[in-house]
1. Does any residue of the stretch 43-52 turn out to be of a type in the set (A, V, I, L, M, F, W, C), touching an Asp or Glu at 6+ places or on another chain (Cβ under 9 Å), within 21 Å of Leu6 (Cβ to Cβ) and touching a residue at least 12 places away in the same chain (Cβ under 8 Å)?
2. Of the residues that make up the stretch 60-70, is at least one under 30 Å from Met1 (Cα atoms) and of a type in the set (A, V, I, L, M, F, W, C)?
3. Gly84 fails exactly one of the following numbered conditions: (1) exposed (fewer than 14 other Cβ atoms within 10 Å of the Cβ); (2) part of a helix (DSSP H, G or I); (3) more than 20 Å from the chain's Cα centre (by Cα). What is the number of that condition?
4. Answer with yes or no whether Ile97 is crowded, with 16+ Cβ neighbours inside 10 Å, part of a helix (DSSP H, G or I) and modelled with pLDDT of 95 or more.
5. How many residues, within the stretch 1-21, are at pLDDT 90 or above and farther than 22 Å from Leu43 by Cβ?
6. Any residue in the stretch 63-78 that is farther than 26 Å from Leu116 by Cα, free of Cβ contacts under 8 Å to residues at least 24 places away in the same chain and assigned by TED's automatic domain parsing to the domain that holds Gln115?
7. Would you mind finding the one in Ala12, Ala19, Ala57 that is loosely packed, with under 13 Cβ neighbours inside 10 Å, assigned by TED's automatic domain parsing to the domain that holds Ser70 and either over 19 Å from the mean Cα position of the chain (by Cα) or aliphatic (A, V, I, L, M) (or both)?
Amino acid sequence: MAYLILKIVISALIIVAVAELSKRSTLAGALLVSLPVISLLALTWLYIDTQDTARVARLSQSIFWLVLPSFSLFLALPVLLKKGLGFYPALAISSAITLGLYFVMILVLKRFNVQL
């Protein structure tokens, strides 16, 4: 149970650090967020929990393929905000676009026999 709490605390601290850092510098916040810290933590926790390098490799590959459609959120959100849409509607639409592209990516990968 202590290990689970440690994982939660470390993950939460990173999220809070990004939010606080972004208040001072959007560049610094973006740099921290753009690092694959959460992915590195997830890969590390998975390895510590399972000692299964094949599972870690599969997760890493899946992350790669699913990062690609996630970029759409960072393209759509600023466009919608600049067009005058409110933050929450723009975030919702950007998220919906990203979710749709996740499904498209999964279908395309299945077609090419890439397993996630």
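1. Yes, because at least one residue in the stretch 43-52 is of a type in the set (A, V, I, L, M, F, W, C), touching an Asp or Glu at 6+ places or on another chain (Cβ under 9 Å), within 21 Å of Leu6 (Cβ to Cβ) and touching a residue at least 12 places away in the same chain (Cβ under 8 Å).
2. In the first step, residues of the stretch 60-70 are kept if they are under 30 Å from Met1 (Cα atoms); the result is 60-63.
Filter once more, so that each one left must be of a type in the set (A, V, I, L, M, F, W, C): 63.
There is at least one residue in the stretch 60-70 that is under 30 Å from Met1 (Cα atoms) and of a type in the set (A, V, I, L, M, F, W, C).
3. If we test Gly84 against (1) exposed (fewer than 14 other Cβ atoms within 10 Å of the Cβ); (2) part of a helix (DSSP H, G or I); (3) more than 20 Å from the chain's Cα centre (by Cα), just (2) comes out false.
4. Criteria met by Ile97.
5. Number of matching residues: 1.
6. yes
7. Ala57 is the lone residue from the list that is loosely packed, with under 13 Cβ neighbours inside 10 Å, assigned by TED's automatic domain parsing to the domain that holds Ser70 and either over 19 Å from the mean Cα position of the chain (by Cα) or aliphatic (A, V, I, L, M) (or both).
Residues are listed down the side, and each one gets a yes or a no for (1) under 21 Å from Met105 (Cβ atoms); (2) at pLDDT below 95; (3) hydrophobic (A, V, I, L, M, F, W, C); (4) assigned to a loop (DSSP other than H, G, I, E, B):
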| position | (1), (2), (3), (4) |
| --- | --- |
| Ala30 | no, yes, yes, no |
| Ala42 | yes, yes, yes, no |
| Tyr47 | no, no, no, no |
| Pro69 | yes, no, no, no |
| Ser72 | yes, no, no, no |
| Leu80 | no, no, yes, no |
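The values are calculated or read from the model by the stated rules, or taken from the named source; none is laboratory data. Only a predicted model underlies this, so the values are computations on that prediction, with no experimental measurement involved. Using ideal geometry, Cβ is built from the backbone for each residue, glycine included, and neighbour counts are taken over all protein chains shown.
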